[in-house]
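Where a number appears in this text, it was derived from the coordinates with a stated rule and is not lab data. Note that the coordinates shown come from a computational prediction; the quantities given were computed from them, not determined experimentally. Glycine gets a Cβ as well: all are built from the backbone with ideal geometry, and neighbour counts include every protein chain shown.
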Amino acid sequence: MVKELERAGLPTVHICTIVPISKTVGANRIVPAVAIPHPLGNPELSKEEEKALRRKIIGRALEALQTDIDTQTVFEWQ
Amino acid sequence: MLKVVHYINQFFGQIGGEDKADTPPLVKEGPVGPGLALQQALGDQGKVVATIICGDSYFNEHVDEALAEILGMVEQYQPDLFVAGPAFFAGRYGIACATVCKAVQEKFGIPVVTGMYPENPGVDLCKKDVYVIKTGDSAAQMKDAVTKMVKLALKLVNKEEVGSPEEEGYIPRGIRKNYFAQERGSKRAVDMLVKKLKGEPYTTELPMPEFDRVPPAPAVKDISKALVALVTSGGIVPKGNPDHIESSSASKFGKYDLEGIEALSPETHQTAHGGYDPVYANEDPNRVLPVDVMRELEKEGKIGKLHRYYYATVGNGTPVAKAQQYGQAIAKELKDAGVQAVILTST
């Protein structure tokens, strides 16, 4: 799906836990996520900390969307 | 007799389903689950001395640690052959089998064999280095898969010549091998052309590699003015799953209204995905589809606007062709709605 969105000319960032799958599939802008059952959260944190974590990941995703790239790029945040 | 070590996931290892997918590697003496079929196919030529079991989520979330532990376990048994899976169409399991097989082959120099459905993402990760027997997409094909895996594995151990992918049933590795053909090239080419003109089936001798890469779309100039949409393969749907999106092999995607919704909640939304432990997503669906943070960013002017609708499907055993079809349909709707950027989340 990521690839079809980009093919249509829509800049798309893929937030996903298993980066090798995202690369194989052909996503261009990739932001690693936290864990498979909770990619944008962490149940071990307090509600506030968890939301801060989610903001951090989305913030990185927004940066990725605003970055011109030539090839598949992983935007780390950890 | 050959010593064989077998790698399987928590499900086939009879530890449990998605709720046990975070199980770290453990080792059991003798065959477990599909190891029984493996032992049967080996007959008196080999013995499954140990089974290494690891949760699919654990492996993929802690690749380096898991791999180190697994290699340590393999080393204890000094096997002559290493077998992983078969993983069929299970993506995380396939990635684990591929990664472990490559590492075992490299570190111990012993033959390794695994089995997967051709669309498993693990295939591309290892097919150049490892023999991957082509399997069906479900465990119903276990016996056939294991039989082929063992046949090929015994050839590798005995250093017998391995036949072509078609003969042995493995996924082509991109290796070219010289052989003496019955007829000269010009005749074979003309025969092929004649068949093609007649509309008859023919087999090329030089299949072209499939490169389907999409060049990156240009960056968004100013995200604080852009209309941004959320899309997910994590199966987040309104409570009750009104479109009945299937928990695996989803036959559709859904389009859902976010008007007036400040954050998702367990009362309003849930996951329909059958490929991961749903507890955390059902407790707080924003963990998969981050509507709460997107609304905050919208209020603060960090993004222009969150698109009124989000799109969701279940990415679990979804054939590539289906995913392409959903992606194209979603892309068209988003473009028509003037969306300028997309955040797609996957579990």
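Kindly put A:R29, A:R54, B:R213 in sequence by how many other C-beta atoms sit within 10 Å of each C-beta, fewest to most.
Listed from fewest to most nearby Cβ atoms, that is B:R213, A:R54, A:R29.
Hey, if you put +1 on the Cβ of every Lys and Arg and -1 on every Asp and Glu Cβ in the protein assembly as shown, which of B:Y117, B:N60, A:W77 ends up farthest toward the positive end of that dipole?
It is B:Y117.
Please say if the range B:66-161 is rounded, prolate or oblate, where rounded means a/c under 1.5 for a ≥ b ≥ c the square roots of the C-alpha gyration tensor eigenvalues, and otherwise the choice is prolate for a/b larger than b/c and oblate otherwise?
Details: a/c = 1.78, a/b = 1.22, b/c = 1.46.
Oblate is the answer for the range B:66-161, as a/c is 1.5 or above yet b/c matches or exceeds a/b.
Using only the Cα atoms of the range B:1-107, construct the convex hull and provide its projected area averaged over every direction, in square nanometres to one decimal.
Values: hull surface 23.6 nm².
Average of the hull's projected areas for the range B:1-107 equals 5.9 nm².
Which of B:S265, B:Y311, B:V339 sits farthest toward the positive end of the charge dipole of the range B:223-345, with +1 on the Cβ of Lys and Arg and -1 on the Cβ of Asp and Glu?
Checking the options against the dipole of the range B:223-345, the answer is B:V339.
For chain A, what is the Kirkwood hydrodynamic radius in Å, using each pair of distinct C-alpha atoms? Before the final figure, lay out each step's value.
On the way: mean 1/r = 0.0772 Å⁻¹.
Kirkwood radius, chain A: 13.0 Å.
In terms of the Cα gyration tensor, with a ≥ b ≥ c the square roots of its eigenvalues, is the protein assembly as shown rounded because a/c is under 1.5, prolate because a/b exceeds b/c, or oblate?
Since a/c reaches 1.5 but b/c is at least a/b, the shape of the protein assembly as shown is classed as oblate.
Provide B:M116, B:M142 in ascending order of the number of other Cβ atoms located within 10 Å of each residue's Cβ, fewest first.
Going from sparsest to densest Cβ surroundings: B:M142, B:M116.
So in the range B:71-204, what percent of DSSP beta bridges are antiparallel if you round to the nearest 5?
Approximately 10 percent, going by the DSSP bridge assignments.
Full extension from B:E167 to B:D222: what is 0.36 nm times the residue separation minus their Cα-Cα distance, to one decimal in nm?
14.3 nm
Could you please rank B:V5, B:V194, placing first whichever residue has the fewest other Cβ atoms within 10 Å of its Cβ?
So the ranking, lowest neighbour count to highest, is B:V194, B:V5.
What shape does the range B:135-235 have by the C-alpha gyration tensor, where a ≥ b ≥ c are the square roots of the eigenvalues, rounded means a/c under 1.5, and otherwise prolate means a/b greater than b/c and oblate the rest?
Details: a/c = 2.68, a/b = 1.52, b/c = 1.77.
Oblate.
Counting residues in chain B as N, plug N into 2.2 N^0.38 Å and put the Cα Rg over that result. Before the final figure, lay out each step's value.
Values: Rg = 24.0 Å, N = 347, 2.2 N^0.38 = 20.3 Å.
In units of the globular-protein estimate, chain B measures up at 1.18.
Ignoring solvent entirely, what values of log10 I(q)/I(0) come out of the Debye formula for the range B:255-347 at 0.22 Å⁻¹ when each Cα is a single scatterer?
Each listed q maps to, in turn, -1.28.
Among B:K225/B:K252; B:K20/B:K148; B:K128/B:K252; B:K47/B:K151; B:K28/B:K143; A:K56/B:K252, which pairs are too far apart, with a Cα-Cα distance over 24 Å?
Going by Cα-Cα distance, B:K225/B:K252; B:K20/B:K148; B:K128/B:K252; A:K56/B:K252 fall outside the 24 Å limit.
Show the residues, 5+ positions off or on another chain, whose built amide H is closer than 5 Å to the amide H of B:Y170.
Distant-sequence amide H within range of B:Y170: B:K134.
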